[in-house]
Amino acid sequence: MDEIIEGISDESERPPIRPRISVIGTGYLGATHAAAMAELGFDVVGVDADPAKVALLQAGRLPFSEPGLDELVQTHLASGRLRFTTDLAEAVAVSDIHFVCVGTPQQSTSHAADLRFVEGAVAGIARALSHDGIVVGKSTVPVGTAARLRELLGALAPEGVSAELIWNPEFLREGKAVDDTLHPDRVVIGGASAEAEAVMREVYARPISEGAPFLSVDLPTAELVKVSANAFLATKISFINAIAELCTAAGADVGVLADAIGVDARIGRRFLDAGLGFGGGCLPKDIRALMHRAGELGAVDVVGLMQQVDEINMRQRQRVIQLAIDACGGSVLNARIGVLGAAFKPLTDDVRDSPALNVAAALHLQGAQVTVCDPEATEPGRRMFPTLTFAEDATEAVAGAHVVLLLTEWEQFLGLDPVDLARRVRARIIIDARNKLDTELWSAAGWTVIGLGTGVTPASADTSLLQLAGA
Ligand code: UDX
C-alpha cells in the first residue's frame, strides 16, 4: 500500500483511510482475490464459514488445485499481509473494504441462482460493521440483486456507520486465476460514489498502471457485464459446435474452418474449439441464471438464445456417447472403455458439471466397464461418481479397451505415445472429443481417430477395427 500511495503526487487524491481488506468466501474466486490483494500490497483477511478450509489455507495449502496460488498464499502468509479466519465479525472489525466472493450456485429446483450465501454475507458484514466501509460484491449475480443488497446493508448497518455497496465483477478463469486477477483485461466498478471510485482506483492502481481499462458504470450494468461476457463465450462455443455438426454432414473440417474464420479480428480464434462443449462451475449455471432472470424481466430473445446455446452444448455430450456406442458396434454393454479426463477442462481439479465425467458415467450406466484417469481430478471425480473406476495413469486406464475417449485435453494426454498405447488396447480407436490430437501421428501408429466435425466418423473408420472392437 505504501508504494501505491507514494506513487500519487497530489496529496488531496489520497483516500481518507488506508484500506484494509476482508474477503468473504475462500473458493476459487475468494482465495485468489485475497492472495492477489496481498500481492498488491494490502493487509488482507480471508473469511470462510468452513473451518477445515480455513485451517488448510492458514497452513498454506489449498482446498482445490489452482496453478501458482499455493505459492502466492504461502508468500503472503509469510509476509504477514494475509491470514484466514472463520470469524466474520472480527475480520470486518479490522477492515475497511469488504469483498463478497461467496458462491451463487444454481438452485436445485430451478434455473435461478441461489442467493442465500450472498445475502448471508452482506447481512453478516452489515451487522458486524464497527466503522465506515465499502462492501464490494464480486460474486456473479442476477441483475437487480445488488440494488436489493444495498437496501439490506442500509437496513442492517449500525446507526452512525456509513457503508456503501458497489459491484466489481470478476472475470477470472480457473487454471489461470492468479494471472487473470493480478493482470485483468479490465476493471469494472458498478454504482460507486466518487469517494468509493477513488478507493477502488487505489486498490487496482497496479493493473490500471499496466493499462487495464477502468470502467465505472451503474449497478445493473456491472452485474450484466459479467453474465453477458459468459453468455457470449458460451454462445461462441455452441456456435462452433453447431457448425461442427454441419462439417460432419458435409465432410468438412471444423478446426481448419475455425482457423480460417478466426483470423478475422471481428470474430477472433479463441473459444472456437469445437468438441465436447463447456462445463464447470460458471458458464452452464450463469447462462441458466441469465435465462431465468431474462424471463422474469420479459426479455424473451435472451431466453430463446440461451436455451439454444444450452441445448447445443448438452447435445455434444450425447454425440460423444453415441460415437462411443457406434465405435463399439452398436452397444457398449460389457465393452471396456478407457476415458482420458475427468476435470471440466485442463489445469484444474474442478469436476462441477464436467462434460468428461458426464460422458463416462452415461457409458457406465449403459453397461460399459469404464476406467477414468485424470492428472488432478481423480479424488473429486471419485467423490462425484463413486461407481466409476479410476486408474493411476493413462496406460492403466486404456488397458484392454475397445475404445479410448479423450475428454479433457491435458498436455499429458496430448503427449502420450500412440505406439506404446496401441499395444495395450484391444482396438485402436480413439474418440478425440476435444479435436486436439495430432491425427497424423496417431493414424501412423494404426489408430482411427474420430473427432467432432473433423470428417472421420465411426462409419468411415476401418471396418476391421470395428469388428475387433466388438470382439
Ligand atoms: C469462465 C470464463 O471464461 C471466466 O471469464 C469467468 O469468470 C468464469 O467462467 P472457466 O469456467 O474457468 O471461466 O472456464 P473457461 O476457460 O471459460 O472454459 C469453460 C468451458 O468451455 C470448458 O469446459 C472448456 O473446455 C470449454 N471450451 C472453451 C470449449 O469447449 N471450447 C473453447 O473453444 C473454449
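General remarks:
- Nearest-ten-degree value, helix 219-250 long axis tilted from longest Cα axis of the chain: 10
- Among residues other than Gly304 with Cβ under 13 Å from its Cβ, the summed charge is -3 (Lys and Arg +1, Asp and Glu -1).
- Spatial separation of Cα centroids for the stretch 17-37 and the stretch 396-418, in angstrom: 38
- Taking all protein chains together and a 1.4 Å probe, the residues Glu411, Glu159, Glu174, Glu210 rank Glu159, Glu411, Glu210, Glu174 from largest to smallest accessible area.
- Net length gained if the chain between Ala252 and Leu297 were fully extended (0.36 nm per residue, minus Cα distance): 12.1 nm
- Spin-label pair Asn334-Phe214: with each label point 7 Å from Cα along the Cα-Cβ axis, the two points sit 6.9 nm from one another.
- Range in the chain, longest, excluding exposed trypsin sites (Lys or Arg not before Pro) [loop by DSSP; at most 10 other beta-carbon atoms within 10 Å]: 1-265
- Estimated FRET transfer efficiency when R0 is 22 angstrom, pair Met314-Thr109 (beta carbons, to 0.05): 0.70
- Within the chain, helix-based [θ] at 222 nm, where runs of 4 or more DSSP H residues each add -39,500 (n - 2.57), nearest 500: -13500 deg cm²/dmol
- Put a dot 7 Å past the Cα of Glu392, heading toward its Cβ, do the same for Asp259, and the two dots end up 3.9 nm apart.
- A simple count of charges around Gly124, restricted to other residues whose Cβ falls under 13 Å of its Cβ and scoring Lys, Arg +1 and Asp, Glu -1, yields -2.
- Under the combined filter of DSSP loop state and at most 16 neighbouring Cβ atoms within 10 Å, the stretch 362-402 retains these GluC sites (Glu not before Pro): Glu392.
- Per residue, the Cα convex hull of the chain amounts to 151 Å³.
- Extension gain for the segment Arg186 to Arg423, taken as residue separation times 0.36 nm less the Cα-Cα distance, is 80.3 nm to one decimal.
- Expressed to the nearest 5 percent, the antiparallel share of DSSP beta bridges inside the chain is 5 percent.
- Note on Leu156 and Ala49: the model spin-label points, each 7 Å out from Cα along the C-beta direction, lie 1.1 nm apart.
The values are calculated or read from the model by the stated rules, or taken from the named source; none is laboratory data. Just so it is clear, the structure is predicted and the values come from calculations on it, not from any experiment. Ideal geometry is used to build each Cβ from the backbone, glycine not excepted, and the neighbour counts take in all protein chains shown. For accessibility, only protein heavy atoms count, side chains too; no ligands or nucleic acids. Shrake-Rupley method; radii C 1.70, N 1.55, O 1.52, S 1.80 Å.
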